[in-house]
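I have placed the structure first, in the form of structure tokens, so that the comments after it can refer back to it.
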Amino acid sequence: MDRHAVHYRRHVIIPLASVAARGYAASVFVTGPSGRRKAFGILGYFSSEEEAIEYATSCAKARIEGNPMPGLPRKLSAMRHWFLRHGMRRQTGLSAANPWD
């Protein structure tokens with residue numbers, strides 16, 4: 001059993017944090033009371049394994065309860081998410097290129 005496995009409302013949640021070029025990719029497996037397992041693909045990218053595990057667990061709990069999936073944390077701003085999705089790192093200083101040019 002995975003060290004992050006969580007038992008929640010007769011379901012077993014196994015969150016995963018895979019290392020990717022964009023950070024840690026959060027995904028999750030949920031096994032229902034009948035033994036049927038469902039996998040959720042990449043839910044988002046995070047700067048740490050703990051953040052990815054926490055987010056994947058909260059997404060699984062929301063799905064079990066029939067609630068909408070939670071949004072990405074606010075600290076992953078739209079600009080930062082754009083840079084991470086395109087494999088770029090923000091440059092700093094006067095010589096930094098403007099990404100809008």
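The values are calculated or read from the model by the stated rules, or taken from the named source; none is laboratory data. From a predicted model like this one, the values you see are computed outputs, not experimental measurements. Backbone-built Cβ (ideal geometry, glycine too); neighbour counts: all protein chains shown.
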Item to check | Enumeration of residues in the range 44-79 that are in a helix (DSSP H, G or I) and either hydrophobic (A, V, I, L, M, F, W, C) or at pLDDT below 60 (or both) | outcome: ALA52, ILE53, ALA56, CYS59, ALA60, ALA62, ILE64, ALA78, MET79
Checklist outcome for this item: Scanning the range 28-52 for residues that are more than 13 Å from LEU72 (Cα to Cα) and either within 8 Å of the chain's Cα centre (by Cα) or among the aliphatic types (A, V, I, L, M) (or both) gives VAL28, VAL30, ALA39
Item to check | Matching residues, the range 25-42, being surrounded by 10 or more Cβ atoms within 10 Å (Cβ to Cβ) and assigned to a strand (DSSP E or B) | outcome: ALA25, ALA26, SER27, VAL28, PHE29, VAL30, THR31, ARG37, LYS38, ALA39, PHE40, ILE42
Item to check | the range 44-69: number of residues that are touching a Leu at 6+ places or on another chain (Cβ under 9 Å), farther than 20 Å from ARG3 by Cα and among the hydrophobic types (A, V, I, L, M, F, W, C) | outcome: 1
Next on the checklist: I'd like to verify a number: residues in the range 1-24 that are outside any strand (DSSP E or B) and not basic (Lys, Arg), how many?
Outcome noted: 5
